[in-house]
Protein chains: 2
Amino acid sequence: MRTGREWHLVRRPVGSPGDGDVRLVEVEVPDPGPGELLVRNTVMSVEPYMRGRMSDRPSYAEPYALDAPMGGLAVGEVVASGVEGIPVGGRVRHELGWREYALVPAEAAEPVGDDLPASAHLGVLGLTGMTAHVGLLKVGRCRPGDTVLVSAAAGAVGAAVGQIAKAMGCTVIGSAGSADKVRFLTEELGFDAAFSHRDTPVREALAAALDRAGVGVDRGFTGGEGARGGGVDVYFDNVGGEQLEAAIRVMRTSGRIVLCGAISVYNATEPVPGPRNLLLMIWRRLRMEGFLVTDHEEERAAFERDMARWLRDGAVRNVETAVPGGIEAAWPAFLAMLRGGNVGKTVVRLAGTP
Amino acid sequence: MRTGREWHLVRRPVGSPGDGDVRLVEVEVPDPGPGELLVRNTVMSVEPYMRGRMSDRPSYAEPYALDAPMGGLAVGEVVASGVEGIPVGGRVRHELGWREYALVPAEAAEPVGDDLPASAHLGVLGLTGMTAHVGLLKVGRCRPGDTVLVSAAAGAVGAAVGQIAKAMGCTVIGSAGSADKVRFLTEELGFDAAFSHRDTPVREALAAALDRAGVGVDRGFTGGEGARGGGVDVYFDNVGGEQLEAAIRVMRTSGRIVLCGAISVYNATEPVPGPRNLLLMIWRRLRMEGFLVTDHEEERAAFERDMARWLRDGAVRNVETAVPGGIEAAWPAFLAMLRGGNVGKTVVRLAGTP
């Protein structure tokens, strides 16, 4: 009998997760029955939303069960198949990560091509890229020429948002958590300006970045007909908290704030106060909207078409931090990602070639 | 030479305005030149936004000048005319309130009929009613059958919002600042439930009101396809602060929050923290949007058509607190309105029959 290892959640973290919250367990791997695939995972991703699933407070995603393997996106190779049309050796994407071998029902496995690295299907070609696309274009109604601000811009979604906006001809400003990431955004990804949110006060660091990008901010409020004033048209928010407040302050009249995540509050054990300047939302007629990419399946075709073109053109890169080391490395990689150590999507190589 | 009295702002209030901030001044009233009307004001309104104009911090409305008459909506009778087509005896609406006589340029005077009380043109037939209409229908995309929550519901805009929503067949819950007002909302205006925001914690008072109105609130977050969960579809926010946070908590998936005012923070001298539960905006895909009615002039025809029908049907009443006593009474009436003493629009009768 084949065996494989998998990460179990054994305790619900309070505040920041730690090593005592999980255990790496070796289990027997059954053969697939009819309608099932046995998949050897080659790569899996670790993502901020998983922190939410480790708690049992109500959320949009089901909490992980205790003493059972956690889930998450992975790509792997079929090693035994009970499914007609998906042969041994095929490559599939599925949601049974955090383990070396997964027994995947046919309806939960999505065949993906092998012309691109497996991990791209966890990143810019997957829900990460689609989250950026839907949030920026559909929710944020971004138009060519807009000024776009994105927080956690060196993260997986943020890097995709900034690159898509640049591909559309927007002026793009990003925030990140270190000088290295800031340099990465401007030098590697072509952002017009970037700043570290650890440079406080954030509102001053943001104002200086807007200056560097050549974006004037109108301190007035009314804006005449056709004179919409300066500032940010679309703020794509991945962090909440202080950065959200700073962003509201520099929004242009009729600007859109897209709420995608709030990494600054995920680990908070006390409620985090919201922005103190919501009155500006009235004076400047701002819109703030939360979304979940899973509500927008009808956008998938447009997303895949646009993203394929941008990848081909080189306008968008799949930005990732690839961690070698197999299944043992997954938990430490998750913790490092939460601490902000990563650039782009953090993926863990579990087996074989990427 | 005719003389008249007018209220001048002589000091910018810090926090709550007081009697030392203004002075009632007697001035000479000139005759109108060509293209001008001399109007004897019969009724004027006092409104929360005037508090903002007394400060000189940037806002959407021009600050009042010091040592000059304040402005605001009024209706009056033409006593001398330099304008062809607007005869002596005609009734006009204009923005030169806070005074007994106004010299009004023709382009700033709007003739209004005399088949309805003059004060209705300051309330439900004026910008107040249009604010309710645009905010609820265009910004909030309210549909028949929705559950609508409105704060400051006994105020001028709030009472119009609730009545319009009832006329559309919605379930309507309102908050107000006293037991008398709560009774007024349910017994006089037909709200399904109402509560006092002075009953703390607000979130419990709100939850009980939703129960009384028969609105179940789904404590889950995802909501399946077609199962949108229970709760509030449209929250029309006139107050901000704690009530906004409580409302976010009970919004239904895909709900809309319309930011119209924030009376709870207008007098604040320190920034007021925003809602601590903005994460719910993501999980429940909520939209929050500020607006100013002056951006939506293209809705005026639809508003006037709908409102005329509702008034004729008796579905909507012009709710007002009419203060007698002439120009002397205007400042005390403004202070009482800010303290929450009024029901509906506060209007001051300056002269003649209403």
Worksheet item: Out of all the residues in the range B:304-314, which are surrounded by fewer than 16 Cβ atoms within 10 Å (Cβ to Cβ) and more than 14 Å from B:H121 (Cα to Cα)?
Response: B:R305, B:R309, B:R312, B:D313, B:G314
Discussion item. Kindly evaluate B:M130 against the criterion of being over 21 Å from B:A333 (Cβ atoms), at pLDDT 95 or above and surrounded by 20 or more Cβ atoms within 10 Å (Cβ to Cβ).
Written reply: yes
Worksheet item: Only one of A:E225, A:E204, A:E187 is under 25 Å from the mean Cα position of the chain (by Cα) and either modelled with pLDDT of 95 or more or surrounded by fewer than 21 Cβ atoms within 10 Å (Cβ to Cβ) (or both); which?
Response: A:E187
Worksheet, complete the sentence: Of the candidates A:A68, A:A74, the one satisfying the condition of being among the small types (G, A, S), exposed (fewer than 15 other Cβ atoms within 10 Å of the Cβ) and in contact (Cβ under 8 Å) with a residue 60 or more places away in the chain is A:A68
Fill in: Pair list, Cβ under 7 Å, 6 or more apart: the range B:328-341 residue at negative phi, other residue in a helix (DSSP H, G or I)
B:F334/B:M50; B:L338/B:R51
Practice prompt. Please go through the range A:275-294 and pick out each residue that is touching a strand residue (DSSP E or B) at 6+ places or on another chain (Cβ under 9 Å), touching a residue at least 40 places away in the same chain (Cβ under 8 Å) and in a loop (DSSP other than H, G, I, E, B).
Written response: A:R284, A:F291
Worksheet item: Can you name every residue in the range B:269-313 that is away from chain A (no Cβ under 14 Å), within 28 Å of A:M251 (Cβ to Cβ) and among the aromatic types (F, W, Y)?
Response: B:F303
Practice prompt. Could you please find all residues in the range A:246-273 being touching a Gly at 6+ places or on another chain (Cβ under 7 Å), of a type in the set (A, V, I, L, M) and either modelled with pLDDT of 85 or more or not in a helix (DSSP H, G or I) (or both)?
Written response: A:V250, A:M251, A:V258, A:L259, A:A262, A:V272
Discussion item. Could you check the range B:171-200 and list, in sequence order, the residues that are in a loop (DSSP other than H, G, I, E, B) and of a type in the set (G, A, S)?
Written reply: B:G177, B:S178, B:G190
Worksheet item: In the range B:10-33, what count of residues is obtained for those that are touching a helix residue (DSSP H, G or I) at 6+ places or on another chain (Cβ under 9 Å) and either farther than 29 Å from B:A80 by Cβ or not aliphatic (A, V, I, L, M) (or both)?
Response: 9
Item to complete: Residue by residue through the range B:39-68, note down the ones that are of a type in the set (F, W, Y), within 17 Å of the chain's Cα centre (by Cα) and part of a loop (DSSP other than H, G, I, E, B).
Response: B:Y60
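Within the range A:295-314, does at least one residue satisfy the condition of being assigned to a loop (DSSP other than H, G, I, E, B), farther than 19 Å from A:V139 by Cβ, at pLDDT 90 or above and within 21 Å of the chain's Cα centre (by Cα)?
So far as the range A:295-314 goes, yes, one or more of its residues are assigned to a loop (DSSP other than H, G, I, E, B), farther than 19 Å from A:V139 by Cβ, at pLDDT 90 or above and within 21 Å of the chain's Cα centre (by Cα).
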Response to the item:
Flagged in the range A:320-354 as assigned to a loop (DSSP other than H, G, I, E, B) and under 26 Å from A:R40 (Cβ atoms), in numbering order, are A:P324, A:G325, A:G326, A:N342, A:L350, A:A351, A:G352, A:T353, A:P354
Practice prompt. Being part of a strand (DSSP E or B) and in contact with a Ser or Thr (Cβ under 8 Å, 6 or more places away or on another chain) is the filter here, so list the residues in the range B:9-38 that pass it.
Written response: B:E26, B:V27, B:E28, B:L37, B:L38
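Got a sec? Which of A:Y49, A:Y64 is within 30 Å of B:R249 (Cβ to Cβ), in the same structural domain as A:P13 (by TED's automatic domain parsing) and at pLDDT below 95? Walk me through how you get there before you give the answer.
Working: A:Y64 fails: at pLDDT below 95.
Step by step, each of A:Y49, A:Y64 is checked, and only A:Y49 is within 30 Å of B:R249 (Cβ to Cβ), in the same structural domain as A:P13 (by TED's automatic domain parsing) and at pLDDT below 95.
Being farther than 21 Å from B:D237 by Cα and either touching a residue at least 40 places away in the same chain (Cβ under 8 Å) or of a type in the set (A, V, I, L, M, F, W, C) (or both) narrows it down to one of B:R312, B:R300, so name that one.
B:R300
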Item to complete: Taking the residues in the range B:138-157 that are part of a helix (DSSP H, G or I) and in contact with a helix residue (DSSP H, G or I) (Cβ under 8 Å, 6 or more places away or on another chain) as candidates, determine which candidate is modelled with the highest pLDDT.
Response: B:K138
Item to complete: Assess whether A:E28 counts as being of a type in the set (D, E, K, R) and surrounded by 17 or more Cβ atoms within 10 Å (Cβ to Cβ).
Response: no
Response to the item:
Among A:G113, A:G89, A:G72, A:G76, the single one that is among the small types (G, A, S) and either within 14 Å of chain B (Cβ to nearest Cβ) or closer than 30 Å to B:S254 by Cα (or both) is A:G72
Worksheet item: Which of (1) crowded, with 18+ Cβ neighbours inside 10 Å; (2) closer than 25 Å to A:A156 by Cβ; (3) polar (S, T, N, Q) is the odd one out, the single condition A:S81 does not satisfy?
Response: (2)
Discussion item. Any residue in the range A:134-159 that is surrounded by fewer than 24 Cβ atoms within 10 Å (Cβ to Cβ) sitting within a Cβ distance under 9 Å of a residue that is outside any loop (DSSP other than H, G, I, E, B) and of a type in the set (S, T, N, Q)? List the pairs, counting only those 6 or more apart or interchain.
Written reply: A:G145/A:T171; A:D146/A:T171
Fill in: Checklist (1) modelled with pLDDT of 95 or more; (2) closer than 30 Å to A:A351 by Cβ applied to A:G325, failing item
(1)
Discussion item. Whether any residue in the range A:24-44 is within 14 Å of chain B (Cβ to nearest Cβ) and over 18 Å from A:G126 (Cβ atoms) is what I want to check.
Written reply: no
Response to the item:
Matching residues in the range B:169-178 (surrounded by fewer than 20 Cβ atoms within 10 Å (Cβ to Cβ) and modelled with pLDDT of 95 or more) number 1
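With the structure loaded, tell me whether A:A322 is of a type outside the set (K, R), touching a strand residue (DSSP E or B) at 6+ places or on another chain (Cβ under 6 Å) and surrounded by 23 or more Cβ atoms within 10 Å (Cβ to Cβ) or whether it fails that test.
No; evaluated as a whole, the condition is false for this residue.
The values are calculated or read from the model by the stated rules, or taken from the named source; none is laboratory data. None of the values given here were measured: they were computed from a predicted structure. Ideal geometry is used to build each Cβ from the backbone, glycine not excepted, and the neighbour counts take in all protein chains shown.
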